[in-house]
Amino acid sequence: MSYGIPRDEAKFDPRDPHWDAKVRDSFTKQGVMGLLGATLADVWPGGCEIHLPYRPDLSQQHGFFHAGVTSTVVDSAAGYAGFSLMAPNSSVLSVEFKINLLAPADGELLIATGEVIKPGRNLVITRGDAWAVKHGKATHCAMMQQTLMTMHGKAEN
């Protein structure tokens, strides 16, 4: 279900012919995504979507998804969007992001998307967004701008 969330599937050409498997394999190795209970809902060249069902232990004192949890999931979605375009035998590292919290992340599902804005050889600029879905209605609750570093010659373990 899309919940009306906008998605820009601009056509980028991945440098790695195995980009899809590379991203999915990396996601399974991310301990924090497993700890949170997040799932990789979709990935495309230059884009990614991650879902996180609500649990009380992911909330802050008002019962909303905690801002740190929201930031973590958006960071991963945008990071994997960038990683999908990186060359073989490389890995990704977030080096900077700025997040704006637009509304309380109040819902039974958090959806985070990431999209590449500018793919570069060494630095990749991405945008990340989060929506809290409550009773079938998605509320845009966060937006992020991120810079990723391509770690050349350093494939993931």
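The values are calculated or read from the model by the stated rules, or taken from the named source; none is laboratory data. All values derive from a computational prediction rather than experimental measurement. Because the Cβ atoms are built from the backbone with ideal geometry, glycine has one as well, and the counts that use them run over all protein chains shown. Only protein heavy atoms, including side chains, enter the accessible area calculation; ligands, DNA and RNA are left aside. Shrake-Rupley method; radii C 1.70, N 1.55, O 1.52, S 1.80 Å.
Within the stretch 110-138, which residues are at pLDDT 95 or above, open to solvent by 50 Å² or more (accessible area, probe 1.4 Å) and among the charged types (D, E, K, R)?
Hits for the stretch 110-138 are Lys118, Arg127, Lys134, Lys137.
Looking at (1) open to solvent by 20 Å² or more (accessible area, probe 1.4 Å); (2) closer than 15 Å to Asp129 by Cβ; (3) in a loop (DSSP other than H, G, I, E, B); (4) not basic (Lys, Arg), can you tell me which one Gly107 breaks?
Only one criterion is unmet by Gly107, namely (1).
Are any of the residues in the stretch 46-57 in contact (Cβ under 8 Å) with a residue 60 or more places away in the chain, at positive phi, of a type outside the set (S, T, N, Q) and touching a Phe, Trp or Tyr at 6+ places or on another chain (Cβ under 7 Å)?
Yes, the stretch 46-57 has at least one match.
Any idea how many residues of the stretch 113-157 are farther than 19 Å from Lys22 by Cβ and outside any strand (DSSP E or B)?
2
Mind checking which residues of the stretch 36-88 are of a type in the set (Phe, Trp, Tyr) and surrounded by fewer than 23 Cβ atoms within 10 Å (Cβ to Cβ)?
Passing the criteria: Trp44, Tyr54, Phe64.
For the stretch 89-104, name all the residues that are within 17 Å of Val43 (Cα to Cα) and either of a type in the set (Gly, Ala, Ser) or open to solvent by 70 Å² or more (accessible area, probe 1.4 Å) (or both).
Residue satisfying the conditions is Ser91 alone.
Return the residues of the stretch 18-35 that are surrounded by fewer than 12 Cβ atoms within 10 Å (Cβ to Cβ) and without any contact (Cβ under 8 Å) to a residue 24 or more places away in the chain; say none if nothing qualifies.
Ala21, Thr28, Gly31, Leu35
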